[in-house]
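Visitor: Have a look at this one.
Read-outs throughout are calculated quantities, based only on the coordinates presented, and are distinct from any laboratory measurement. Keep in mind that what you see is a predicted model, and the values were worked out from it rather than measured. Glycine gets a Cβ as well: all are built from the backbone with ideal geometry, and neighbour counts include every protein chain shown.
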Amino acid sequence: MNSKLYVSSSPHLHSGITISKIMLDVIIALIPALVASVIIFGIRALIVILVTVLSCVTSEYISRKLMKRDNTIYDLSAVVTGILLAFNLPVSINLAIAAFGGIAAIVVVKQMFGGIGQNFVNPALAARIILVASFPTAMSTWSKPFTNTFSKADIITTATPLSKAVVGTYDKNYFDLFFGIRPGCMGEICAAALILGGIYLLIRKIITPTIPICYIGTVFILTLILGKDPIFHILSGGLLLGAIFMATDYTTSPLTFKGKVIFGIGCGILTVLIRLYGALPEGVSFSIILMNILVPHIEKLTITKPFGKGGKSIGKA
Amino acid sequence: MEKTSFKLEFTKGIIKENPVLRLVLGTCPTLAITTAASNAIGMGIAATLVLICSNAAISLLRKVIPDKVRIPAYITIIAGFVSVVQMLVKAFTPEIDKTLGIYLPLIVVNCIILGRAEMYANKHTVLPSIVDGLGMGVGFTAALLSMGIIRELLGSGTILGIPILTNLIDPVIIFILPPGGFFVFGMLIAIANKLSDKPAKKAELGCSSCPLGKNCTSISKKEEA
């Protein structure tokens, strides 16, 4: 037989996009926020990021090895999880706790459910919630910008704008909020850097704007209706980080356009409800995780009909 | 011959047919009270006492109880023994009564006890039933105790109230919260599955691969039919 007639199984065309290329783009998009956190919080921010990344990659390698599966550390997804996890931690966090978070994210949330593409919630966010539940004091000790050094004794702790807003003592300063001159988690503070990263992801077509726009738009409209300051609510807390980098995670967000709209609006409603009426000052992580769990149901309800099927014509046939 | 079968009846409850980890019965008290090792011991002993007594009584009465009303009859017998145990605990160890709270009277509806009555005691004579109850009780206590030790050690840094890790690491509070309970529970089930017989092949999933398969009434009925 002529070997030229051999037909391989589909797909016949490959766009050339691989997981590692996508993850590399996400890492590039995260660099502005990383630089901002190092400038604002000092070199310790970089150390925390290195610890979580190292912990994530090592746990990925070891757990894949133990489960006798192929090694996936080169797809860089563990690196992204590590950076995102560090972005969700305060800079003063104990390094052992940060490493524990990395292990929880990769081993418990990701690999136990089958690895990349199989996790039912975002690993970095789930690890953050595990840490918040386990170490409430360490996870809510915020340092003032530009005061952090190596020794723990020098840290000047303060409340985040959101928790100040709950008790009504925050003086609004959009400039500081936009450029991240405020206490908070390492990656969430600098809105400018996060938006820059988001624009990069949009240009590279790694994410579609549907989820971030629906999410942030819902928060804007709801806080406006409820008589709060919408711009303050968008710039403070982890909303931008969550909307751009966490809610758009491929594995844990819906595939269809309608599904993405529902997902984004749901995240927005939950975030506003938790922030304004819940016991916690911040609710981005919980709302994204909750919507992550609903994704299979959202996808089932918004399934795309094949062309020519469904609608009224079914009865006639 | 009889001696070895007694030994088997006793040991099967510890790993192979462990009521909590292999049969997944009685999960409610397992998850709720294992935040500390001392609770686990109290609960385990109380449930074991009830289990032995109810197995013995039901085995004695197995020919008297009409089949149609056997469940209410079993529940009445079990409730009687639970009341006795509850009064004893209240009288002699009021602290344990306080920590166990509602879960002590809830032993009445613990499915391990009803399960053993239905699966074992109503088909066997008194002595094997007592040994079965003892084995199952020890298995239940062992599972609760291992969960309690792990959760207390990691979640509060102590074992039976004695500080072990308190100065070394910060306690990981999530282990004494419900999610940590489910996590430890799942890990122990995985270990118990690994330690017992080879896992059933996928094709065999169903009634025949269940550890209760031998004793289950629905299977034997199907075979008869």
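Visitor: Using amide H atoms built 1.01 Å from N in the peptide plane, name the residues 5+ places from residue B:25, or on other chains, whose amide H lies under 5 Å from its own.
Guide: Hits under the 5 Å cutoff: B:20.
Visitor: Something else: Evaluate the Debye formula for the range A:204-317 with equal point scatterers sitting on the alpha carbons, no solvent, and hand back log10 of I(q)/I(0) at q = 0.10, 0.19, 0.20 Å⁻¹, in q order, two decimals.
Guide: Here the Debye-derived log intensity ratios amount to -0.33, -0.90, -0.98.
Visitor: Using a 7 Å offset from Cα along Cα-Cβ at residue A:199, what residues in the range A:220-251 end up with backbone N under 17 Å from the label point?
Guide: A:240-241, A:244-245
Visitor: Also, quick follow-up: Using just the alpha carbons, could you tell me how many Å³ per residue the convex hull of the range B:2-200 encloses?
Guide: 132
Visitor: Also: Give me a comma-separated list of calculated 3J(HN,Hα) values for the range A:35-48, in order, Karplus coefficients 6.51, -1.76, 1.60 applied at θ = phi - 60°, integers in Hz, x for any Gly or Pro.
Guide: The phi angles translate into 4, 4, 5, 5, 5, 6, 9, x, 5, 4, 4, 5, 5, 4 Hz.
Visitor: I'd like the Karplus ³J(HN,Hα) series for the range A:244-261: coefficients 6.51, -1.76, 1.60, θ = phi - 60°, whole numbers in Hz, and an x wherever there's a Gly or Pro.
Guide: Along the range A:244-261, the couplings run 7, 9, 9, 5, 8, 3, 4, 5, 10, 10, x, 8, 7, 4, 4, x, 5, 4 Hz.
Visitor: For each pair in B:63/B:98; A:21/A:65; A:205/A:305; A:144/A:228, compute the distance between the two Cα atoms and list the pairs where it is over 30 Å.
Guide: Distance filter (> 30 Å) returns B:63/B:98.
Visitor: With 18 Å as the cut-off, how large is the P(r) tail for the range A:1-56, expressed as percent of Cα-Cα pairs?
Guide: Percentage above 18 Å: 59.
Visitor: Using 0.36 nm per residue, how much length does the chain from residue B:190 to residue B:87 gain when fully extended, once their Cα-Cα distance is taken away?
Guide: The residue B:190-residue B:87 span can extend by a further 33.4 nm.
Visitor: At what distance in angstrom do the alpha carbon centres of the range B:35-66 and the range A:240-307 lie from each other?
Guide: Here the answer is 47 Å between Cα centres.
Visitor: Further question on the same structure: Starting from the Kirkwood Rh over alpha-carbon pairs, what translational D in µm² s⁻¹ does the range A:19-301 have by Stokes-Einstein at 4 °C and 1.567 mPa s?
Guide: Roughly 69 µm²/s, to the nearest whole number.
Visitor: Just from its helices, what would the mean residue ellipticity at 222 nm be for the protein assembly as shown, if runs of 4 or more DSSP H residues each count -39500 (n - 2.57) and the sum is divided by every residue, rounded to the nearest 500 deg cm²/dmol?
Guide: -18000 deg cm²/dmol
Visitor: Can you give the local net charge around residue A:74? Use residues other than it whose beta-carbon is closer than 12 angstrom to its beta-carbon, Lys and Arg +1, Asp and Glu -1.
Guide: -1
Visitor: If you don't mind, there's one more thing I want to ask. Over the C-alpha atoms of the protein assembly as shown, what are the Rg and the largest Cα-to-Cα span, Dmax, in Å?
Guide: Using the Cα atoms of the protein assembly as shown, the pair Rg, Dmax is 28.6, 91 Å.
Visitor: Right, next: Would you mind counting up the charge near residue A:59? Only other residues with Cβ under 13 Å from its Cβ, with Lys and Arg at +1 and Asp and Glu at -1.
Guide: Value of the local net charge: +2.
Visitor: Within 13 Å, Cβ to Cβ, of residue A:28, how many net charges do the neighbouring residues add up to if Lys/Arg are +1 and Asp/Glu are -1?
Guide: Charge balance near residue A:28 sits at +1.
Visitor: A further question on this structure: Show the residues, 5+ positions off or on another chain, whose built amide H is closer than 5 Å to the amide H of residue A:142.
Guide: A:158
Visitor: Something else: List the trypsin sites (Lys or Arg not before Pro) within the range B:7-100 that fall in a DSSP loop (any state other than H, G, I, E or B) and whose Cβ has at most 12 other Cβ atoms within 10 Å.
Guide: For trypsin sites (Lys or Arg not before Pro) across the range B:7-100 that sit outside H, G, I, E and B with at most 12 neighbouring Cβ atoms in 10 Å, the list reads B:63.
Visitor: With a cut-off of 8 Å between alpha carbons and a minimum separation of six or more residues, what is the relative contact order of chain A in percent?
Guide: Dividing the mean separation by the residue count of chain A yields 17 percent.
Visitor: Further, regarding this structure: Pick out which of A:306, A:145, A:296 has the largest mean-square fluctuation in a Gaussian network model of chain A, springs linking Cα atoms closer than 10 Å.
Guide: A:306
Visitor: So, one more: By how many degrees, 0 to 90 and rounded to 10, does the Cα axis of helix A:191-203 deviate from the longest principal axis of chain A?
Guide: Tilt of helix A:191-203: around 10 degrees.
Visitor: Let me ask something else. First measure r as the distance between the Cβ atoms of residue A:229 and residue A:176, then evaluate 1/(1 + (r/R0)^6) with R0 = 22 Å and state the FRET efficiency to the nearest 0.05.
Guide: Efficiency at R0 = 22 Å is approximately 0.95.
Visitor: Here's a follow-up. For residue B:159, which sequence-distant residues (separation of 5 or more, or a different chain) have an amide H within less than 5 Å of its own amide H, given hydrogens modelled in the peptide plane?
Guide: B:164
Visitor: A further question on this structure: Order of A:204, A:275, A:64 from fewest to most other C-beta atoms within 10 Å?
Guide: A:204, A:64, A:275
Visitor: Which of A:15, B:54 has the fewest other C-beta atoms within 10 Å, and how do the rest follow up to the most?
Guide: Ascending Cβ contact count within 10 Å gives the list A:15, B:54.
Visitor: Any idea how far the Cα center of the range A:85-118 sits from the one of the range B:121-195, in Å?
Guide: 26
Visitor: Order of A:253, B:146 from fewest to most other C-beta atoms within 10 Å?
Guide: B:146, A:253
Visitor: Run the quick spin-label model on residue B:8 and residue B:65: label points 7 Å from Cα toward the beta carbon, then report their separation in nm to one decimal.
Guide: 2.5
Visitor: How many partner chain Cβ atoms sit within 10 Å of a residue's Cβ in peptide B:51-59, on average, as a whole number?
Guide: For this peptide, the per-residue mean of nearby foreign Cβ atoms is 0.
Visitor: Residue-wise, which Karplus ³J(HN,Hα) couplings in Hz belong to the range B:155-160, taking 6.51 cos²θ - 1.76 cosθ + 1.60, θ = phi - 60°, and x for glycine or proline?
Guide: Ordered by residue, 3J(HN,Hα) equals x, 10, x, 10, 10, 6 Hz.
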